[in-house]
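Structure first, commentary second.
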Amino acid sequence: MAALLLRSPRSGPYDGVPRSAEGRGLAARLRSRGSTTHHHPPRGSPAAPPCPPPASTMATLTQMHRQGRPKPPPAKLGPTLGRPQLKGVVIKNLIRKPKKPNSANRKCARVRLSTGREGVCFIPGEGHNLQEHHVVLVQGGRTQDLPGVKLTIVRGKYDCAHVQKKK
C-alpha cells in the first residue's frame, strides 16, 4: 500500500519507466528506458571499447592427458655455468670496498675463465701471492658484502698459494 502512495498519479501499474526516471522530463524517461534512436555516450567520456576474446583458454582434461605432465623449466646456471669449478687466468688484481655497514679492503681479482667469460673473484684468507697471468681455480660462491662478486678463488691450487699460518 505504501508503494502505491509514493508513485506518481500519472503512471499506471507499470509503464516500463524505472522509479529513478519518474518526475523527470520526456528525454530522461527515454534515456533510462534505453531508446533505440541514436545512442551516444555521455559527453566527456570516451566510448568503452568492446571486450576482446580471452587470450588463452584452459586445457581440457583430455588435452592434459594426451600431452602429459608439463616439463619443469631448465635450472638456472650459476656464474660457473653449471660446473663445480673452472680454471682461469688472472687479468688484474683489485681492491673492493664492501657494502654499507661493513668497512674493509677486500682483495679481489679479475679473471678470464676457460669458458671465455670474465668475472671478478674474491680471494679468501689473509695475504696472497697472485699476480697477472697466474692460473687459478675458481668456484661459485658469492661474497655477501661485495656487489657483483659471485666467484671465489680456491687457495692451494695451481699458482695460488695456501694461506700462511700465523707465527
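Taken over the stretch 88-109, residues that are surrounded by fewer than 15 Cβ atoms within 10 Å (Cβ to Cβ) and of a type in the set (Lys, Arg) amount to 4. Pick from the stretch 110-156 the residues that are in contact with a Pro (Cβ under 7 Å, 6 or more places away or on another chain) and open to solvent by 50 Å² or more (accessible area, probe 1.4 Å): which of them is farthest from residue 93 (Cα to Cα)? Checked the stretch 110-156; the qualifying residue farthest from residue 93 (Cα to Cα) is 139. Of the residues making up the stretch 63-79, those that are assigned to a helix (DSSP H, G or I) and not hydrophobic (A, V, I, L, M, F, W, C) are 63, 65, 66, 67. Considering only residues of the stretch 69-87 that are touching a residue at least 60 places away in the same chain (Cβ under 8 Å) and open to solvent by less than 70 Å² (accessible area, probe 1.4 Å), which is nearest to the chain's Cα centre (by Cα)? Among residues in the stretch 69-87 that are touching a residue at least 60 places away in the same chain (Cβ under 8 Å) and open to solvent by less than 70 Å² (accessible area, probe 1.4 Å), the one nearest to the chain's Cα centre (by Cα) is 78.
Each residue in the stretch 148-157 was checked for being more than 18 Å from residue 117 (Cβ to Cβ) and touching a residue at least 24 places away in the same chain (Cβ under 8 Å), and 1 pass.
The values are calculated or read from the model by the stated rules, or taken from the named source; none is laboratory data. Everything numeric in this text was worked out from a predicted model, so none of it was measured. Quick reminder, even Gly has a Cβ in these numbers, built from the backbone with ideal geometry, and neighbours come from all protein chains shown. Note: areas computed on protein heavy atoms with side chains; ligands, DNA, RNA excluded. Shrake-Rupley method; radii C 1.70, N 1.55, O 1.52, S 1.80 Å.
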